[in-house]
Amino acid sequence: MAKRPKTIITCAITGAIHTPTMSDALPYTPDDIASQAIAAAEAGAAILHLHARRPTDGGVSINPDDFAAFLPRVKQATGAVVNISTGGSLKNTIEERIAPALRFSPEMCSLNMGSMNFSFHPLAKRYDTWMFDWEKDYVENSDTYIFRNTFRDIANVANTLAPHDIKFEHECYDVGHLYNLRFCMDIGLFKAPIFIQFIFGILGGIGPEVDNLIFMKRTADRLFGDDYRWSVLGAGGAQMSLATTASQMGGNVRVGLEDSLQIARGKLATSNAEQVAKIRRIVEDLGCEVATPDEAREILGLKGGDKTAF
Ligand code: KMH
Ligand code: ZN
């Protein structure tokens with residue numbers, strides 16, 4: 001029987017969806033982002049997907065200086081692959097969104113493969129009081145938000161970052177995004193092997209059912225053949241179950257407080273590392289091995305941690 005591929009665990013440490021009121025565990029100071037990222041790597045995450053936050057009030061930040069406050073510390077303390085978000089927050093242009101990746105030239109960064117509604121406004125109903133002034137409007141108004149990732153935007157990111165040899169985490173929130181990605185490969189924007197993050201359960205994208213995972217995977221097999229590696233991110237309550245299914249199907253997994261604040265249904269996670277440790281335990285109990293950062297580099301064809309600019 002063919003050897004089962006090792007499972008790459010990505011941990012998305014803080015993101016741009018959840019706010020400090022929602023969980024005391026959500027890191028937003030540079031110290032907390034760095035220490036949670038380091039602990040997640042020690043628990044078994046080979047890739048750290050990172051956003052920055054304003055240190056004063058936890059607001060989403062795409063200011064490269066806010067990344068500079070934790071990136072070198074993460075690099076010095078771990079061998080993990082650093083993946084910088086180009087998602088930004090509700091109102092940023094694509095040029096603003098890629099500024100941190102441009103400055104720090106990481107091994108990986110996210111690249112969102114289509115424009116869509118991207119909403120988390122239903123979360124607002126769960127809270128009567130908020131820790132910081134910005135949070136309520138930010139969450140409530142996400143129902144007005146179009147997450148803009150046009151073909152021109154995607155080409156702009158690919159061309160601007162091309163000299164940096166960054167591998168993209170292609171974020172695909174629905175089946176159409178896979179076709180967008182195929183089109184972009186056909187016009188020469190991306191080199192194989194590409195790395196696709198199948199995303200389930202974001203309001204505005206495909207739902208978190210196993211049927212949909214099979215459908216996305218079958219579609220990607222048809223469109224990309226052997227030219228792709230894949231991972232699964234289930235938002236909210238679907239995080240652990242979809243990650244488990246993905247690893248059993250030979251895929252890779254993403255966990256972290258960006259995607260879910262829970263460790264089990266109805267129970268808040270105490271840290272990113274707790275989620276990493278849980279999925280690692282499940283993956284290993286079910287007979288797979290977890291990839292080290294260097295194994296992840298090999299599987300994804302990354303340029304190496306010594307070629308970043310931080
Ligand atoms: N800001 C969100 C709408 C990514 O990291 O690339 C999505 C996001 C994804 O930030
Ligand atoms: Zn992200």
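Note that the stretch 218-228 has calculated 3J(HN,Hα) couplings of 5, 5, 5, 4, 5, 7, 10, x, 8, 8, 9 Hz, one per residue in order, obtained from phi through the Karplus relation 6.51 cos²θ - 1.76 cosθ + 1.60 (θ = phi - 60°); glycine and proline are x.
Which order do the peptides 113-120, 52-59 take when ranked by the mean count of other beta-carbon atoms within 10 Å per residue, highest first? Please list the in-between numbers first.
Working: 113-120: 20.4, 52-59: 18.4.
In decreasing order of mean packing, 113-120, 52-59 become 113-120, 52-59.
Annotation: amide H-H contacts under 5 Å for residue 169 (H modelled 1.01 Å from N, sequence separation of 5 or more, or interchain): 109, 110, 111. First compute the accessible area of the stretch 9-307 with a 1.4 Å probe, then give the percent of it belonging to carbon and sulfur atoms. Carbon plus sulfur share of accessible area: 50 percent. The magnitude of the dipole of the stretch 190-278, with charges of +1 and -1 set on the Cβ of Lys/Arg and Asp/Glu and taken from the Cα centre, is near 80 debye.
Volume of the convex hull of the stretch 29-103 (Cα atoms only), normalised per residue: 82 Å³.
The dipole here belongs to the chain: it is taken about the Cα centre, uses +1 on the Cβ of Lys and Arg and -1 on the Cβ of Asp and Glu, and is about 540 debye. Around the amide H of residue 58, modelled in the peptide plane, lies no amide H under 5 Å away from a residue 5 or more places distant or on another chain.
Label sites at residue 248 and residue 265, each approximated as a point 7 angstrom past Cα along Cα to Cβ, lie 1.6 nm apart. Here the extension length gained between residue 95 and residue 128 equals 8.3 nm, from 0.36 nm per residue of separation less the Cα-Cα distance.
Taking the radius of gyration and the Kirkwood hydrodynamic radius from Cα positions alone, what is the Rg/Rh ratio for the chain, to two decimal places?
Values: Rg = 17.7 Å, Rh = 19.1 Å.
A ratio of 0.93.
Residue-wise HN-Hα couplings along the stretch 94-100, as the Karplus relation 6.51 cos²θ - 1.76 cosθ + 1.60 with θ = phi - 60° gives them from phi, are 5, 5, 5, 5, 9, 4, x Hz; Gly and Pro carry x. Note on residue 285 and residue 151: the model spin-label points, each 7 Å out from Cα along the C-beta direction, lie 4.7 nm apart. In order along the stretch 243-249, the phi-based Karplus estimate (6.51 cos²θ - 1.76 cosθ + 1.60, θ = phi - 60°) of 3J(HN,Hα) comes to 5, 4, 4, 4, 5, 5, 8 Hz; Gly and Pro are listed as x.
Taking every DSSP bridge with both residues inside the stretch 157-310, close to 10 percent are antiparallel.
Across the chain, the longest piece that holds none of the GluC sites (Glu not before Pro) lying in DSSP loops with up to 16 other C-beta atoms within 10 Å covers 1-208. The residues of the chain present an accessible area of 41 Å² per residue when probed at 1.4 Å with all protein chains retained. Considering only 201, 269, 215, and ranking their Cα positions along the charge dipole of the stretch 118-270 that arises from unit charges at the beta-carbon of Lys, Arg, Asp and Glu, the one farthest toward the positive end is 215. Among 280, 254, 218, which one shows the biggest mean-square fluctuation in a GNM of the chain, springs joining Cα atoms closer than 10 Å? The residue with the greatest mean-square fluctuation here is 218.
With the simple spin-label model, which puts each label point 7 Å out from Cα in the Cβ direction, the residue 24 to residue 140 separation comes to 2.7 nm.
Amide H contacts under 5 Å for residue 50: 83, 84, 85, restricted to partners 5 or more places along the chain or on a different chain, H placed in the peptide plane at 1.01 Å from N. The alpha carbon centroids of the stretch 234-285 and the stretch 53-77 are separated by 24 Å.
Using a Gaussian network for the chain with springs between C-alpha atoms less than 10 Å apart, which of these wobbles most: 146, 33, 84? Highest fluctuation of the listed residues: 146.
The values are calculated or read from the model by the stated rules, or taken from the named source; none is laboratory data. Please read these numbers as outputs of a predicted model, since none were measured by experiment. With ideal geometry, Cβ positions are generated from the backbone for all residues, glycine too; neighbour counts draw on all protein chains shown. Ligands, DNA and RNA are stripped out before the accessible areas are found, and what is left, the full protein with its side chains, is counted by its heavy atoms. Shrake-Rupley method; radii C 1.70, N 1.55, O 1.52, S 1.80 Å.
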